[in-house]
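K.L.:
First, the structure itself, so that you have it in front of you.
The values are calculated or read from the model by the stated rules, or taken from the named source; none is laboratory data. Just so it is clear, the structure is predicted and the values come from calculations on it, not from any experiment. Using ideal geometry, Cβ is built from the backbone for each residue, glycine included, and neighbour counts are taken over all protein chains shown. Areas reflect the complete protein model, heavy atoms only, side chains present, ligands, DNA and RNA absent. Shrake-Rupley method; radii C 1.70, N 1.55, O 1.52, S 1.80 Å.
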Amino acid sequence: MITFDQVTKAYEDGTIAVDNVSFTVKKGNLVTLIGPSGCGKTTTMKMINKLIPLTSGTITINGNDIANENAVELRRNIGYVIQRIGLLPHMTIEENVSLVPKLKGWEKKDYEKRVDELLDLVGLDPSVYKKRYPLELSGGQQQRVGVIRALAGEPPIILMDEPFSALDPISREQLQAELKLLQKNIHKTIVFVTHDMDEAIKLADEIVVMKEGKIQQISSPMNLIENP
Ligand code: ADP
Ligand code: ADP
């Protein structure tokens, strides 16, 4: 479903952040991109939703070269969750989560229902939380909202860039388990960036190991445990 074919990204200053990378993310799979800081994980993600252009190579989504797609249109089909969460502080939880569905022109009753369902899904009682502002929630709760906001417009693809790394260990484990369940239920294609091997093994259908801009290894979690 997402295919990288010999993709290279060199920044203006000459840094080669991603170096001739090829891999495929199958539909409905959760793939983790793992590697040390600076190995090119975030650059890889940003190319998928056209936040930055490729230097060479091709990325296709469902067979369509993203070079031919309008970036704004493309991003409506890709949920993006980042470490800093990025909830809009002056908007309520309900307003934050319904942002994309509204942009997509959903009817009020449909997006209101969707917000309630999603909050329930991550254990936040809608009657308590939807009128609250992000800063009135704990870090773990805000990150849950970050995750469901990315899901709200029903995008087929979700990109998650170290979404849980700022959380305390307990919230983090909870969210990892919730994400795994969520993925089973919603069957979305997810690319998940982490530098934590435990997290990668816990979550992934497939693990892509990066080092210095190159792919070092692609394997199943089981293989990686047996042949590290
Ligand atoms: P990771 O997400 O694995 O930490 P990044 O993709 O952020 O890695 O960075 C890969 C490499 O590209 C690093 O050497 C980083 O310093 C460099 N880099 C990232 N963004 C830029 C930029 N805007 N300009 C120049 N170099 C950059
Ligand atoms: P967690 O265990 O997820 O880290 P916290 O200990 O931070 O949660 O918060 C516990 C409870 O207090 C949560 O139900 C949260 O919604 C509520 N809470 C935290 N900060 C605020 C706030 N500023 N205003 C209202 N409720 C808050």
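K.L.:
Between Arg144, Arg132, which is under 28 Å from Thr24 (Cα atoms) and among the charged types (D, E, K, R)?
P.N.:
Arg144
K.L.:
Can you find a residue in the stretch 175-189 that is at pLDDT below 95, of a type in the set (Gly, Ala, Ser) and not in a helix (DSSP H, G or I)?
P.N.:
No - not one qualifying residue is present in the stretch 175-189.
K.L.:
Residue by residue through the stretch 50-93, note down the ones that are away from ligand 2 (no atom under 16 Å from the Cβ) and in contact with a Phe, Trp or Tyr (Cβ under 6 Å, 6 or more places away or on another chain).
P.N.:
Ile59
K.L.:
Would you call Gln143 at pLDDT below 90 and within 16 Å of ligand 1 (Cβ to nearest atom)?
P.N.:
no
K.L.:
Out of everything in the stretch 76-110 that is assigned to a helix (DSSP H, G or I) and in contact with a Pro (Cβ under 9 Å, 6 or more places away or on another chain), what residue ends up being farthest from Met45 (Cα to Cα)?
P.N.:
The qualifying residue farthest from Met45 (Cα to Cα) is Asp110.
K.L.:
Can you spot a residue in the stretch 117-130 that is in contact with a Lys or Arg (Cβ under 8 Å, 6 or more places away or on another chain), within 14 Å of ligand 2 (Cβ to nearest atom) and under 30 Å from Thr44 (Cβ atoms)?
P.N.:
Yes, some residue in the stretch 117-130 is in contact with a Lys or Arg (Cβ under 8 Å, 6 or more places away or on another chain), within 14 Å of ligand 2 (Cβ to nearest atom) and under 30 Å from Thr44 (Cβ atoms).
K.L.:
Taking the stretch 101-153 only, how many residues are open to solvent by 80 Å² or more (accessible area, probe 1.4 Å), closer than 19 Å to Gln174 by Cβ and hydrophobic (A, V, I, L, M, F, W, C)?
P.N.:
Count: 1.
K.L.:
Hey, another quick one. Only one residue in Glu173, Glu136 is away from ligand 1 (no atom under 16 Å from the Cβ) and closer than 26 Å to Lys102 by Cα, so which one is that?
P.N.:
Glu136
K.L.:
Okay, next question. Against the condition more than 30 Å from Leu99 (Cα to Cα), open to solvent by less than 30 Å² (accessible area, probe 1.4 Å) and more than 12 Å from ligand 1 (Cβ to nearest atom), how does Phe4 come out, does it pass?
P.N.:
Here the answer is no, as Phe4 does not meet what is asked.
K.L.:
Still on this structure, I have one more. How many residues are buried (at least 16 other Cβ atoms within 10 Å of the Cβ) and of a type in the set (A, V, I, L, M) when one looks only at the stretch 60-98?
P.N.:
Qualifying residue count for the region: 10.
K.L.:
Which residue, of Lys184, Lys214, Lys180, Lys202, is open to solvent by 30 Å² or more (accessible area, probe 1.4 Å), touching a Cys at 6+ places or on another chain (Cβ under 9 Å) and away from ligand 2 (no atom under 16 Å from the Cβ)?
P.N.:
The conditions single out Lys214.
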